[in-house]
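As structure tokens, the structure follows; a few thoughts come after it.
Every number here is computed from the coordinates shown, using simple stated rules; none is lab data. Bear in mind that the values here come from a model prediction, so they are computed numbers and not experimental data. Here Cβ is always computed from backbone atoms with ideal geometry, including for glycine, and neighbour counts include all displayed protein chains.
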Amino acid sequence: MIKPTRILLQTTIETTDNDWHIGRFSMLREYLTSLRAPDGSPLLQVTARDRDAVGAPDSVLSTLDRSSYDELWLFAVDVGDGLHEEDGAGIQRFRARGGGLLLARDHMDLGCSVCTLGSVGAANLFHTHNVTGPVPPPDDRGTPQIQWPNFHSGANGDVQRVRAELPVHPVMRDTDAETGTVMYLPAHPHEGAVIAPESDPSARVIATGTSLASGQRFNIAVAFERSDTAGPAIVQSTFHHFADYNWDPTRGSPDFVSETPVYVLPNDARGMASIHRYVRNVAMWLAGRL
């Protein structure tokens, strides 16, 4: 029996009912937990939690390098106070000892506490962080209170067509798709901006999408290859690619979400299969098993 990879799904907020707490990523957790090795044993062991009280080190993140976790999937849903200085240091030590990291934020400055995370933090462009020069105008004008970055890939509950950048990265391979690559991910009205930072030669963009508002291409995912000094990482343009509300809007959302959802994904077998393949690929690649 193969020892299962231990994954921590973690948000950067305290448990708050009317927010993007970890319970709103339950479909992701259920899917990851369902994956099996050829002998029927679990491929993954998944723990899901919100952070401890803001303003002090999180008991898990600040000591992550001393834990038995193999991967951290960090959903940065905070407004700037989600990671204590010691949390950031613990996460960077975790990567330094070979741990895998998925990091996902959202529009404007949502999740900007991740800017402290070295090169993976630098991969995230926010409205008031990591941007030099004038801030671009918003891509989607349908929600005027949400400024750049807010790339409009579609309604919550819909799918968006994504493109695997060449050469195709292992995370983007899908032998069941006609293109041989992952073709669909959940849509979101205002995705964030991610780049491959020039400071880290191991990073490259592996997937892009297209704005339905402007036709502009934008980056969906950036991969950081494993090195002698850091574990692998994926930086994602939005945590909504993994949220229950985007996989099935009937699961509900916080009441500050104003956009009208659609109900495409619950009935789109091909779209869900593509999303599941992407999620599985990320988990296996971060573990060095893909």
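Okay, here's what the table says:
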read-out	value
Cut-off 14 Å between beta-carbons: net charge of the residues surrounding SER202, Lys and Arg +1, Asp and Glu -1	-1
Protection-proxy order for peptides 11-24, 250-263, 98-111, each taking the mean of Cβ atoms within 10 Å per residue, highest first	98-111, 11-24, 250-263
Kirkwood Rh in Å, taken over the range 11-71 so that all alpha-carbon pairs contribute	13.4
Cα centroid separation, the range 228-290 to the range 36-55 (Å)	16
Diffusion constant of the range 5-286 at 25 °C, which comes from Stokes-Einstein with the Kirkwood Cα-pair radius and 0.890 mPa s, µm²/s	131
Normalised alpha carbon radius of gyration of the range 83-181 [divisor 2.2 N^0.38 Å]	1.33
Cα-Cα separations in the range 65-108 greater than 15 Å, expressed as whole percent	46
Contact order normalised by residue count of the chain, Cα under 8 Å, 6+ apart, percent	19
Residue-by-residue Karplus 3J(HN,Hα) for the range 56-61, coefficients 6.51, -1.76, 1.60, Hz, glycine and proline x	9, x, 6, 4, 9, 5
Mean ellipticity per residue at 222 nm, deg cm²/dmol - from DSSP H runs of n ≥ 4 across the chain, formula -39500 (n - 2.57)	-5000 deg cm²/dmol
Amide H contacts of THR181 (H built 1.01 Å from N, under 5 Å, at least 5 apart or other chain)	ASP174
Fraction in percent of alpha-carbon pairs per bin - 10 Å, the range 159-211	22, 49, 27, 2
Beta bridges by DSSP in the chain, antiparallel share as percent, to the nearest 5	50
Residue-count net charge about ASP174 - beta-carbon cut-off 12 Å; Lys, Arg +1, Asp, Glu -1	+2
Kirkwood hydrodynamic radius (C-alpha pairs) into Stokes-Einstein, the range 128-181, 20 °C and 1.002 mPa s, D in µm²/s	150
The range 1-148 - Debye-derived log10 I(q)/I(0), Cα point model, q = 0.19 Å⁻¹	-1.15
Cβ-derived FRET efficiency at R0 22 Å, VAL54 paired with SER26, nearest 0.05	0.45
Percent of Cα pairs exceeding the 23 Å cut-off, where the set is the range 164-290	35
